[in-house]
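Enquirer: Below is the structure I would like to discuss, written out as structure tokens.
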Amino acid sequence: MNRSAIRLSLLLGLAACILFIPFLGAVHLFDWDEINFAECAREMISTGNYTTAQINYFPFWEKPPVFIWMQVLSMKTFGINEFAARFPNALCGIVTLIIVFNLGRKLYGTRFGLLWALAFAGSLLPHFYFKSGIIDPWFNLFIFLGIYRFILYTNEPGPGKLMNRNILLSAVFIALATLTKGPVAALVFSLCFLIFRLIKRKSVISWKHFIIYCITAGGLGSIWFIILFLQHRTEIISDFLAYQVRLFSTGDADHGGPFYYHWVVLLFGCFPASVLAIRAFWKSDSDTPFQKHFKRWMLVLFWVVLILFSIVKTKIVHYSSLCYFPLTFLGAYTSWKLICGEIQWKKWMSIVTLVTGGLIGIALTSIQFIIVFKKQIIASGMIHDPFAEANLMADVHWNGFEFLIGIVFLLGVVASVILMWRQQLIGAILTLFLLTLLSTSLSSLVFAPRVEGYSQQAAVEFYQGLQNTDCYVNVYGFKSYAQLFYSAKKPEANQSPLFYAHMERKRPGHGKLDPLTLEMYHTDWLLIGKVDKPVYIVAKTDHKDEFVHDFPAFKEIGEKNGFVFFRRDASDKVSN
């Protein structure tokens, strides 16, 4: 790497620091995923058990521990808080922009590298995810790096040492991805490999290197499972594998969706890179063999991820987030070809840009007006959910100018299309990406705290108020991890002899139970069992009557923004 590239990498890293690090802790962590992983990290620190992830101090088998370990290191540095939980992904954003810049620089030159970094930072969800505390940014980066090293390996054969290094590094990155989120990393890589093999119609890896790859990726990727096996925690391994199968084969009750779900998510969530990327699906004869080779791999990666997670029954926004790498590359590719004059801006591109960007801008503009007219909206009967109605009535302060973010975004989209038609291509592309970057940054800063004010803030503040209280706290009728993280639940909270006595009464001679069953009995104990300290329960408005009827020992102590708060004191009596 020459001095100019090093200097630009450092400047890009500094710019990424400014984009992703400030205000990371300005908003509470959001249920479920953000708080889920942060709570696992907090419980690791609280128990000193760094080999087994736990949630509610019961074994957590859904994810391997690499990202949780990152959060542990961050929390040991910055304290147990929102900033520390999100800092690893901000760091991932910095690393990602530097990586795509340098890969783009090697492919087409410095300007293309900068365009790719701008496409990543200047698209909606790719930018926003680096300010979150979810697991996917690092997971995606590891898979992408594994695929990139395999791209180099499958390019024209080079020196043996170089080939060995690329195949080993590819296997190591896929192993890291597996240890971050699970075997889906190996599945995605394997599917990409098979599709590429079918396209080439010939062998793309020697048997020697194939064996090296499998041993390296399989060995490193199995470290966590080996540790659990040696600790005689095989039930966590079996639960983990069963969970992975269940995600693919059955839809989560709260996360279903149609086949085209991720197509819509990527079109709008990766704007404007997604719109520009459409043109890149055409062939280009001007590319060098390696450029064609790299682009082919990016197309394979995109289609594999999109189709795979369109088939998967559970639909969650970030499941298709690995597509951000190929989509931003293809968006930068179109931008580069436009600037070089190799392709022309077409009318359909203007229409798709205006429609997609226009709908996003209208949504950003409308948020504030929905709040202004919330009473009329509720009175109209449009909302059929009592909890949502109560959320909407929360007293959240708005300054009155928030809608301007959407207006500026809309004007930027229109201005970029006009500049395109005037052949001011660089200005058009910079306007489109930079204004999207600005709008995304402002939206996360302005809208996120207010969204939380309507959604979970009342409950989170209640949990925080119980941090120094010797009590139990749980939720009823909905899934949440907020009560664990924000009440700072202690390890000994699940160790009461009264709990084990209750469980023995319910299931005599129960033996060794799986974590889900243990947690179910613990919840049952808090609701109806003999307890040694006060129990606080948080329910949603739509479950209030049901809870009051089923658990009369609890007294209502408050209600706010759709959440109802109950308490029962320690008693020698078992309710029922």
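The values are calculated or read from the model by the stated rules, or taken from the named source; none is laboratory data. Note that the structure is predicted; figures quoted are calculated from it, not measured. Cβ atoms come from the backbone with ideal geometry, glycine included; neighbour counts cover every protein chain shown. These accessible areas exclude ligands, DNA and RNA; they are computed on the full protein's heavy atoms, side chains included. Shrake-Rupley method; radii C 1.70, N 1.55, O 1.52, S 1.80 Å.
Enquirer: Evaluate the Kirkwood expression for the hydrodynamic radius of the range 425-475, namely the inverse of the mean inverse distance over all pairs of different C-alpha atoms, and round to one decimal in Å.
Expert: 14.1
Enquirer: Okay, next question. At 1.4 Å probe size, put S286, S321, S366 in order of accessible surface, largest to smallest.
Expert: Descending order: S286, S366, S321.
Enquirer: Could you order peptides 267-280, 93-106 by the average number of other Cβ atoms within 10 Å of their residues, highest first?
Expert: So the order, starting with the most tightly packed, is 267-280, 93-106.
Enquirer: Could you tell me, in Å, what Rg and Dmax come out for the Cα atoms of the range 378-441?
Expert: Over the range 378-441's Cα set, Rg and Dmax evaluate to 18.3, 52 Å.
Enquirer: Given the options I223, N166, N155, identify the residue whose Cα lies farthest towards the positive end of the charge dipole of the range 142-227 (+1 on Cβ of Lys, Arg; -1 on Cβ of Asp, Glu).
Expert: Most positive-ward Cα: N155.
Enquirer: Okay, next question. Excluding residues fewer than 8 places away in the same chain, name every one of the lysines whose C-alpha is closer than 16 Å to that of K292.
Expert: Filter leaves K106, K200, K283, K337.
Enquirer: Leaving out ligands, DNA and RNA, and with a 1.4 Å probe, what % of the accessible surface on the chain is carbon or sulfur?
Expert: Accessible surface attributable to carbon and sulfur in the chain totals 65 percent.
Enquirer: Would you mind checking the tilt of helix 82-107 against the longest principal axis of the Cα atoms of the chain, expressed as 0 to 90 degrees and rounded to 10?
Expert: Its long axis makes an angle of about 10 degrees.
Enquirer: Suppose we keep just the DSSP beta bridges with both residues in the range 451-576; what percent of those would be antiparallel, to 5?
Expert: Beta bridges within the range 451-576, antiparallel portion: roughly 70 percent.
Enquirer: Please list, in order along the range 62-69, the HN-Hα scalar couplings obtained from phi with the Karplus expression 6.51 cos²θ - 1.76 cosθ + 1.60 (θ = phi - 60°), rounded to whole Hz, x for Gly and Pro.
Expert: 6, 9, x, x, 4, 5, 5, 4
Enquirer: Let me ask you something else. Just to confirm my numbers, what's the Cα centroid distance between the range 100-135 and the range 259-313 in Å?
Expert: 15
Enquirer: Another question about this same structure. Can you list residues whose amide H is under 5 Å from Y472's amide H, if they're 5+ apart or on another chain and H is modeled 1.01 Å from N?
Expert: Answer set, sorted by chain and number: V535, Y536.
Enquirer: Among the listed pairs K490/K533; K131/K295; K490/K530; K63/K506; K374/K540, give every one whose C-alpha distance is greater than 22 Å.
Expert: K131/K295; K63/K506
Enquirer: Using only Cα atoms and rounding to the nearest 10 degrees, what angle (0 to 90) does helix 207-221 make with the longest principal axis of the chain?
Expert: Approximately 30 degrees, to the nearest ten.
Enquirer: What does the charge dipole of the range 377-512 about its Cα centre add up to, to the nearest 20 debye, if the Cβ of each Lys and Arg holds +1 and the Cβ of each Asp and Glu holds -1?
Expert: 560
Enquirer: Okay, moving on. Tell me the angle of helix 3-20 to the major Cα principal axis of the chain, expressed in degrees between 0 and 90 and rounded to the nearest ten.
Expert: Compared with the principal axis, the helix lies near 30 degrees.
Enquirer: Simple spin-label model, 7 Å along Cα-to-Cβ: Q344 to I377 in nm?
Expert: For the pair Q344/I377, the computed spacing is 4.5 nm.
Enquirer: I would also like to ask the following. Per-residue HN-Hα couplings for the range 463-471, Karplus 6.51 cos²θ - 1.76 cosθ + 1.60 at θ = phi - 60°, whole Hz, x for Gly and Pro?
Expert: Listing the rounded values in order: 4, 4, x, 9, 4, 9, 9, 7, 7 Hz.
Enquirer: Next up: Counting C-alpha atoms alone, how compact is the range 447-576: give Rg to one decimal and Dmax as a whole number, in angstrom.
Expert: 15.2, 52
Enquirer: What full-extension length gain, to one decimal in nm, is calculated for T77 and H397 as 0.36 nm per residue of separation minus the Cα-Cα distance?
Expert: 111.9 nm
Enquirer: Starting from 0 in steps of 5 Å, tell me what percent of the Cα-Cα pairs of the range 109-183 lands in each bin.
Expert: Bin by bin from 0 Å, the calculated values are 3, 15, 17, 17, 19, 17, 8, 3, 1.
Enquirer: Hey, what number do you get for the chain at 222 nm if only DSSP H runs of n ≥ 4 count, each worth -39500 (n - 2.57), divided across all residues, to the nearest 500?
Expert: Rounded to the nearest 500, the figure is -21000 deg cm²/dmol.
Enquirer: Quick one: which of 37-45, 397-405 comes out on top by average Cβ neighbours within 10 Å, and what's the full order, highest first?
Expert: Going from most to least packed, we get 37-45, 397-405.
Enquirer: Under unit Cβ charges (Lys, Arg +1; Asp, Glu -1), what dipole magnitude, rounded to 20 debye, does the chain have relative to its Cα centre?
Expert: In total the dipole reaches around 2620 debye.
Enquirer: Another question about this same structure. For volume of the Cα convex hull per residue in Å³, one of (i) 200; (ii) 168; (iii) 138 was computed from the structure I shared and the rest are decoys. Which label?
Expert: It is the one labelled (ii).
Enquirer: Quick one: of the DSSP bridges fully inside the chain, what percent are antiparallel, nearest 5?
Expert: Given both bridge residues lie in the chain, the antiparallel proportion sits at roughly 70 percent.
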